Amino acid sequence: MPNYKIFQDTPEQAKVQIFGSNTSTPFNTDSSGNLAITSTGLAVTAPANGLTVTASADGLAITPPANGLTITSTGLAVTSPANGLTVTASADGLAITPPTNGLAITSTGLAVTAPANGLTVTASVDGLAITPPTNGLTITSTGLAVTAPVNGLTVTASADGLAITPPTNGLTITSTGLAVTAPVNGLTVTASADGLAITPPTNGLTITSTGLAVTAPADGLLITSTGLAISRGTTDVSATRANITDTAGSPDTTYDVIGVQTWTFGVVNASTVANAQALVSLQISPDSTTWINEAGPVTLSQNGLATLVSSIFLKYARVYYSAVNGASAVTLNIFFQGEL
């Protein structure tokens, strides 16, 4: 130090200590006289989420922050986040590991693993192969094949052209034309040499070479080739009322005549006694509760016939009958006949 005298016969044995801000601890050197910073080597403290470099016994080590880039003694390793892309340096080359159900690159080519019911593309030795899901589209080396679901349409590429195979009872396209096979009681269309022929089911619509003919069901509508003819339906109901002795009278069956265009009650006195007489009337009502006499009363002797017709239209109609003499039982045959 200045102003101090040092006496040393051998100058190279003179020693000097150097201090920093801490005057109690001098700087340290190794056995070779090199300045030693720490006991383990060089340490750099990086900021949070930064890069840390340490000098280990084997060489330089770089420690990245969590989820960052890692450099190891065997190569470069990238650790990706969950569901991300992983790149590793293997002995054979670069390997990329995708997340589950992602893109896979292998040493033989490109392989795409599709999700369930999706499209799978693989690189085979012969070329590109596309594997569809079950019942999907298939591309083969000979052409395009479509496998349809059950009861669906099947299209195949044959040597002669396009062939469409429909499901059972469906549409058929053949080399000679179009044929439609209809279900039972359905419409059948055939392509004959003369033109288009439509064959309807039994009792259906028939189109012939001369015109249109409609065959109506029984009691239905009939259209003929000479014009329009309507064959209406009819109703015919009869009943027998025997041993009538009530002189006050009784109503017979009520009929709803709202849908009958014309109708008549016919009453026959079928009594076996010559002096057995009856009184019959026609009653009508709008609600089947309140009744009025529309025709009659008519005195009907043995074997006599009375016809009862209404001139007023109401929804309900019936015959009202009674015996003239309670001692002589009467038998009546009552008819209701009409045209719909």
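Read-outs: derived from the displayed coordinates by stated rules, not from any lab. It should be emphasised that the depicted structure is a prediction, and the values quoted were computed from it without experimental measurement. Cβ: placed from backbone, ideal geometry, glycine included. Neighbour counts: every protein chain shown.
For chymotrypsin sites (Phe, Trp or Tyr not before Pro), the sites in the stretch 252-340 that DSSP calls loop and that have at most 16 other Cβ atoms within 10 Å are Phe313. For the stretch 234-339, the equivalent ellipsoid derived from the alpha-carbon gyration tensor has semi-axes of 24, 14, 10 Å in decreasing order.
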